[in-house]
Amino acid sequence: SSLDGTWMELRVFPSGDNIIIYGVNISKRKQLALQLEQALQDKEDILDSITDNFGILDKNWCFLYANSKVSDISSKVIGKNYFDVFPQNRGTIFEEKYRQAFETQQPVKFEAVMTVNKRWGEVRVYPRPEGIAIFSSEIQDRTQLEKQLEQALQAKEKIPHFDDVIFQMASSNIPKQK
């Protein structure tokens, strides 16, 4: 870079007792390269800000991308086969649904106990021509609430005239007009 901000590519050639210097202004190319670098960093920041686990696999099941939620060592999984990183997922609903999305080229959504942390998760798989994109988020709290609600509804079924009792209790708390 020169003092005025112009980027030059210089080539020096020997010519007898002299040298020939050939220069090309590469400011536009350098500016585009810096813009591309910034755009790539912005993309990385956006993907890392996703609160879900997010990864992209190629058609050979190798990681093209994994955000920091997937693994503390997300940069070390790039290029590695998914089943080498997560061997416990081979032969599970995860493999079945991932293959389904890739083979049918249709999005797939399912819930399962995550093999890594043994907590319930919701997984969304989106096909891409060259692989799949996977989003997964923990839903442990939601599934516990749903289970409690289901148990309460089952308990309600066992109490005869439950709705009448609740109505009578509620109506007995209404102040009477004088």
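The values are calculated or read from the model by the stated rules, or taken from the named source; none is laboratory data. This structure is a prediction, so every number in the text was calculated from the model and none was measured. In this analysis, Cβ positions are derived from the backbone assuming ideal geometry, glycine residues included, and neighbour counts consider all displayed protein chains. Surface accessibility is based on the protein's heavy atoms, side chains included, excluding ligands, DNA and RNA. Shrake-Rupley method; radii C 1.70, N 1.55, O 1.52, S 1.80 Å.
For region 82-110, which positions are part of a strand (DSSP E or B) and either hydroxyl-bearing (Ser, Thr, Tyr) or open to solvent by less than 80 Å² (accessible area, probe 1.4 Å) (or both)?
Passing the criteria: VAL108, PHE110.
Taking GLY121 as meeting all but one of (1) modelled with pLDDT of 90 or more; (2) open to solvent by less than 80 Å² (accessible area, probe 1.4 Å); (3) assigned to a strand (DSSP E or B), write down the number of the exception.
The single condition GLY121 does not satisfy is (1).
In this structure, does GLY55 turn out to be touching a residue at least 24 places away in the same chain (Cβ under 8 Å), surrounded by 10 or more Cβ atoms within 10 Å (Cβ to Cβ) and assigned to a strand (DSSP E or B)?
It is true that GLY55 is touching a residue at least 24 places away in the same chain (Cβ under 8 Å), surrounded by 10 or more Cβ atoms within 10 Å (Cβ to Cβ) and assigned to a strand (DSSP E or B).
Name every residue in region 46-58 that is at pLDDT below 75 and acidic (Asp, Glu), in order of residue number.
Across region 46-58, the qualifying residue is only ASP48.
Condition test on GLU37, is it closer than 23 Å to TYR65 by Cβ and surrounded by 11 or more Cβ atoms within 10 Å (Cβ to Cβ)?
no
Confirm whether VAL70 is modelled with pLDDT under 80, under 22 Å from GLY121 (Cα atoms) and open to solvent by less than 100 Å² (accessible area, probe 1.4 Å).
yes
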